[in-house]
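The values are calculated or read from the model by the stated rules, or taken from the named source; none is laboratory data. Treat the numbers as computed from the prediction; the structure is a model and nothing was measured. Cβ placement follows ideal geometry from the backbone for every residue including glycine, while neighbour counts extend to all protein chains displayed. Please note that ligands, DNA and RNA were not included when accessible areas were found on the heavy atoms of the full protein model with its side chains. Shrake-Rupley method; radii C 1.70, N 1.55, O 1.52, S 1.80 Å.
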Amino acid sequence: MPVSRYWAAIKRYKWPILILVVLGTLAGVTATRFVTPLYEARAALWIGGGSAGVEDGDRGTVRAVEMLAPTDYLELMTSFAVVDRVVERLHLYVSPKLPSDSTALVGFRPTPAVRTGPFVLKTDATGNAYVLTNADGVVLDKGAVGDSIGRSLGFRWAPRPGSLGPNRKIDFSVASPRQVAVGLVGSLVPSAVPEKSNFIRLSLTGPDGPWAVRILNIWLEELVATASEVKRRNLTALAEILDQQKNIASVQLKKSEAALQSFRVRAITEPTDGPASATDPLFSDYFGQRVELDRAQSERESLSRLLAESPQGPGLVTGLYGLPSVLEAVPELKAALSDLSSAQAKLATMRQVYTDEYKGVRDAVVQVNALQQQTIPQLARTAVDRLTRRQSELGRRVAGQQQNLRNIPTRSIEEARLRREMGIAENLYSALESRDQAVKLAWQSATPDVNVLDRAATSQLPSKNRAPFIILFAFAGSLLLGSAIAIGADRLDHRFRYPEQATADLGLEILGAIPTMKKGEEFTSPEEASQIIEAFRTIRMQVSNACHGARPMVLTVTSPGMGDGKTTVASNLALSFVEAGHRTLLIDGDTRLGTLHSVFGITRRPGLLDYLLGMATTDEILRPSSTHKNLTVLPSGIRRHHGPELLASPELPKLLAQVRERYDVILVDSPPLGAGIDPFALSVATGNVLVVLRTGSTDRHMAEAKLQLLERLPTRVLGAVLNDIHADGMYRHYSYLGGYYTTEEEEALPARIPVAR
């Protein structure tokens, strides 16, 4: 189906489409009254870096716990630990229908088992009694103002006596705080956080612009407050872990000091070593290796014993803090303990904000368990193997020098070992003490790592106003619907309307097209008359070519139904042949309703049927035209019921045979194809048929059926003449150039061309 046909269908049904578009647009405008525009509040956060008061390069027994990443701050902001505070602070769980009733609901608080839905509170004429109902009017609670209202419904609400006023009606709705929190989280739209970016932009949409701004600003305040609490909790947890580690290190330092002091007391009465022995290089080398051997043996035995008692878990971790020399000897184990302390502090902090189902909490638990049960035990066993190998190596070295240094007293070696252990314990305790002081100082000056960069401001224009879209959608939808209905109606229309319906559907060749002619009116301009004249000239030429120059040209002009204009075409085509100099005979074969006698101003009798009945001769029925030279008209004659049978009798071919020598063209105006056998009998007699199709009137289905009957008869369908066309749209190529008509300098054009319907 070509686009031009779509456009033609839309133009034909333009008024119904216009009415539908107007109604649809009005419906869209009406629908916008029920659509609330949405306002958007925007804000920006800045996420600061840094640690809990300790430099990144300071990796003591425990490292400083890093603060949350920007994406983690989004999780914190949408957590119920923050959102529930916003809901509670703004009382979002209760909504009055009228803003003036909000003061009466200031003290309203819900319980965890609150009943949600719309409610109505009414007071009596004195203002001292109330009745609480639901939206359907069912009484839920009643009593005196001042008592608790709706306690059985989960309300915590006790207005002061007389505060509600007399004859007051308060419509309000109650929602679960958690449901409100979920709704808030759904309305918050964070922007994507680029990698290594410290900025987060947030937007909150709602039907009330100032209210959305207030909610977002309070939300940001609660986020900053919660982040500050989280940081303090983090530092507190870290300080508690450092206190435990420092206590263990303090006990170990005291043991080392006590052991050295006890050794000095025992060895004070023994003779000291000579100067030579103390300054001998062999003595110094042996002494140092012997001290390292004893220390390695002691560390290995202590670590092996600890692994045997606590292979993994918290017991092993606590025991390792009691072996500072082992931690100094194995830096990897010391770093793992530092990681474990940081992970434990982070886990303790997160559990105060999130539940165990939160992904960050689950990841922290996995990290702590992995360090306690896998990493640290594996490093401890590796340290035992390392100390065992070192002990064996030192043992071989000491055995090689032992023969030369047998006289060196063992108390010097023991004293050096004890001093070394005490020094290690002092260093560990000092590091923990310094770290503990730094954490406590950071706790005193703790500030959140998140700050509000841009607070939300009130927007005067809505960010999402769907009213224009609804109106546009209603307009476009009604236009498309109207066009679709028009195209559908066009597809279902059984009347002839388009040229391709004659060629493709009916299989007829188009011999010409006649513009619309106004019945009984003279042409107002030469151009209008010229269009009609040129149309019939074209049909005359096409008919002559279709008849292959036969003389005379004999054909029947018919149409599928009444009102298609076959008489107009036949009479004007006859005049066109006359103007071309052809002797033309125009026969009114429509013995039922023929009107050619009226068109040319002659009497109907005697006529065709009179001749076929033998009531008139040939010369009596032939009426030469007084106004058109070379034109002869044969009227229909007397009316008879058996007229169709007479047309099918042998008398008609005899008549045509008699007049063939007199005329160059014989045209027969027959009844419509749907009238009976008349047109078929006339078509067989003439041998040629010209079919007239009227746009917007001819029934295509009936035309197709009647043309199938013609195909079975010994006659030839020359083609179709399209009648009553408008020279635009799909018929624009069937019109003729304006302003290019012929003129007659001496004689004017006929004032009127015969027109019949």
Original post:
Considering only the other residues whose Cβ falls under 12 Å of the Cβ of Met615, what net charge follows from Lys and Arg at +1 and Asp and Glu at -1?
Top reply: -1
**OP:** Quick one: which residues, 5+ away or cross-chain, put their amide H under 5 Å from the amide H of Arg156? H built at 1.01 Å from N.
**Re:** Arg109, Thr111
**OP:** Let me know the shape class of the range 552-645, please: from the alpha-carbon gyration tensor, a ≥ b ≥ c as square roots of the eigenvalues, rounded when a/c is under 1.5, otherwise prolate if a/b is greater than b/c, or oblate.
**Re:** oblate
**OP:** Within the set of other residues whose C-beta is less than 10 Å from the C-beta of Arg639, count the net charge using Lys and Arg as +1 and Asp and Glu as -1.
**Re:** +4
Original post:
Which residues in the range 683-727 have a backbone N closer than 15 Å to a point placed 7 Å from the Cα of Asn545 along the Cα-to-Cβ line?
Top reply: 718-721
Subject >> Per-peptide average of other Cβ atoms within 10 Å, ordering 332-340, 583-591, 96-104 highest first >> reply: 583-591, 332-340, 96-104
**OP:** Starting from the range 657-714, pick out the trypsin sites (Lys or Arg not before Pro) whose DSSP state is loop and whose Cβ has at most 14 other Cβ atoms within 10 Å.
**Re:** Arg660, Arg662, Arg712
Original post:
What does the charge add up to near Ser191, with Lys and Arg as +1, Asp and Glu as -1, over the other residues with Cβ less than 13 Å from its Cβ?
Top reply: 0
Subject >> Ranked packing of 568-576, 428-436, most packed first, by mean Cβ within 10 Å >> reply: 568-576, 428-436
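With the cut-off at 1.5 for a/c, could you classify the range 83-181 from its C-alpha gyration tensor as rounded, prolate or oblate? Please list the in-between numbers first.
Values: a/c = 1.80, a/b = 1.59, b/c = 1.13.
Note, shape of the range 83-181 comes out prolate.
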Subject >> Stretch gain in nm, segment Val365-Thr503, where the contour uses 0.36 nm per residue and the Cα spacing is subtracted >> reply: 41.4 nm
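Given a 1.4 angstrom probe, what's the average accessible area per residue across the range 111-150, in square angstrom?
50
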